Every structure is written in C-alpha cells, then in structure tokens.
Amino acid sequence: MPAPDLSSSTRYPELDEPPITPREGLDFGLDGDIPRHWFGGDAFKTRFFDAMSVLFPEGERFFIACVCDYRSQVTDPAQRQALIDFSKQEAQHSKVHLTFNTRLAGQGIKVDRIMANQRKFLFDLARTRLSKAHTLALTAASEHLTALMADSFVEQTHQFADADARVRAMYVWHAIEEVEHKGVAFDVMQQIAKVGYWLRIWALIEVSIQFPFFVFQIMSHMLRVDGFSRLQRWGIWLKGLYWLYGPGGLMGPVIKPYLTWYKPGFHPWQSGMVPSFKKWSDTMRQSGDPIKASNALYISN
Ligand SMILES: [Fe+2]
Ligand SMILES: [Fe+2]
C-alpha cells in the first residue's frame, strides 16, 4: 500500500478514506424499554460497553479541546474542514452517550461522580500540567485505540448478534464515525504540532494503561450496583476476561493493528476501511435509520 502524502491535505482517496460526515439528530430509540443487561443478558459484556459510554462524553470533550488547541495554525482548507467535522462528530457522540448514560444513572450507577473525577483528571490535571503537544499525542493515541476497536468490533458481527438492536446501533454509528475521522488528530499531531516519535509512543503506552484501568474500575462499581455477590462477581470477571482476551476473544483481532502505531512510518489510513463501513453507509443513506443500518451488518451473518 502506498505511503500517504501528508503534504497538503488530509484526504487519501487511494486508501479508501471516506469523507467525514457529521450526522445529527439520529434516533436510536434509547428512551425505549431497554433491558438492564442489554448485551444478551450478559452482565460483563453489557457493563464493559456501559463503562466506556460513561467515559465518552468528557473524553470526547477533551479530544476536541486538545485538537482545537492547534486550530489557528491549520491553514489548509481541507484540514480545517476535517477539524470542524471531527469536532461535530465528537460533540454528537458526547450528546448521545449522555442520553444513554441517564439510563445508567437511573439504575444507581454513580455517573455524575465518575464524570466529575474524570473531569478533574483530564482538565484540571492533564490539560494544566502537560504540554499541548503531549495532550494532543494522548488524543491521537486514544483515537488510534477507538478506531481500531471500532474496526474490529464492527467486523466481528458474531460477537454482537444478541445485543439489543438499539444500543448496538448507537455503538455501530459511533464506531463508523470514529473510523471516518481516525486521521484528524494524528495529522494535526504530525503536521502542525510536529510531535516526535518517542512522545507518540509514550502517549499510546499511557493510554493503554489508563483506559482499561478506568473501564475496569467503573465496571467493578457497576457490577456491585447490579447486586452480584462477591463470589458471583469473581465468576463474572473470570468468564468476561476470557471473552475479552482469551482465544477467539473480542480483543484478539485488535492486537496486530494496535502494534502498527509503534512503527516509525505509521499513519491511521494505512489500514484503510473495513467492508462493513460500505454496507452501513449505503443503508444509512437509503433509510436514514441508524438501527436499520446497523442491522444490515447482521443479516447475512
Ligand atoms: Fe467519538
Ligand atoms: Fe474520535
């Protein structure tokens, strides 16, 4: 695959890069009667995704702020537009996950407390103590993680066959848009902030430790709120971690693309676009219905 030309634009049509399309006002039916354990009745799988949902609104606000630190230095019109569309997409993700998270708060999950702690960590600590280049590198590294998880999760349709169609549709939409804008923070980091190789590497190491730590900590709280005994929780964790990291597990296909970040000539669009994207975007264009578009990925599987 040819190396992308980073000189003038963020567009690499030869790598199947789609346009970044902000989609607003989508209806996922999140006000409906969604079961507490919406992922096939499985507490671990449900709470794994719920924990990420709690982290998204503040996390995405942080990403927008860190990329926009460099907005005034971006002169290329295509890159400026990419920055605007990236911010619009992330703002929509925050909004929809906030709506979903009110359901979690209603279940007794301490959503406000978790978000307040996260705000302190990201905005009072990271954004005041670290350089702008460092927080941008953390953003680009987080975007690498979300994009490769998005790619992999959307392709592993068998894993999500028994998830609630409405919540699944929210995650598939989020995943698709994460892939659409996966090059934005990276390009600003490389072309504008001129972040060097070692800071880029260090940023992914930091994010790779922090992200699972926070997710598992929140899950632990959620499973206690669910009323499981200590013994039951042990069983849920053992089975769940095997589902995540065991042979054939959800994270298996993520490992190889994860490591590509550490190659000196890495660029997010070297991995192109997964086939599910076209199926989803075609159905979405025709129907305007994100649930239909998400279900389209599961019909032939
Ligand atoms: Fe997002
Ligand atoms: Fe993103």
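Computed from the coordinates by the stated procedures, all read-outs in this text should not be read as laboratory data. What you are looking at is a predicted structure, and each value in this text was computed from that prediction instead of being measured. Reconstructed Cβ throughout: ideal geometry from the backbone, glycine too, with neighbour counts over all protein chains shown.
Residue by residue, the range 246-261 carries 3J(HN,Hα) couplings of x, x, x, x, 4, 7, x, x, 7, 4, 4, x, 4, 5, 4, 4 Hz when phi is fed to the Karplus relation 6.51 cos²θ - 1.76 cosθ + 1.60 (θ = phi - 60°); x denotes Gly or Pro. Taking packing as the residue-averaged number of other Cβ atoms within 10 angstrom, the listed peptides 86-94, 134-142 run from highest to lowest as 134-142, 86-94.
Counting lysine pairs in the chain that sit 8 or more residues apart in sequence, or on different chains, and whose Cα atoms lie under 16 Å apart gives 6. By definition, a body whose alpha carbon gyration tensor gives a ≥ b ≥ c is oblate when a/c is 1.5 or more and a/b is not larger than b/c, and the range 115-160 fits this oblate description. Each residue of the range 223-238 is assigned a 3J(HN,Hα), and the resulting list reads 5, 6, 4, 5, x, 6, 6, 4, 5, 4, 5, 4, x, 4, 5, 4 Hz, derived from the Karplus form 6.51 cos²θ - 1.76 cosθ + 1.60 (θ = phi - 60°), x at Gly and Pro. The 3J(HN,Hα) values that the Karplus relation (6.51, -1.76, 1.60; θ = phi - 60°) gives for the range 192-197 are, in residue order, 9, 7, 6, 5, x, 4 Hz. Gly and Pro appear as x.
Assuming a ≥ b ≥ c are the square roots of the Cα gyration tensor eigenvalues, decide whether the range 194-301 counts as rounded (a/c under 1.5), prolate (otherwise, with a/b larger than b/c) or oblate. Intermediate values should be presented prior to the final figure.
Details: a/c = 2.16, a/b = 1.10, b/c = 1.96.
Judged from the Cα gyration tensor, the range 194-301 comes out oblate (a/c at least 1.5, b/c at or above a/b).
Computed from the Kirkwood radius of its Cα pairs, the Stokes-Einstein diffusion coefficient for the chain at 20 °C and 1.002 mPa s stands at 108 µm²/s. Rounded to the nearest 500, the helix-only mean residue ellipticity at 222 nm of the chain stands at -19500 deg cm²/dmol, with each DSSP H run of n ≥ 4 adding -39,500 (n - 2.57).
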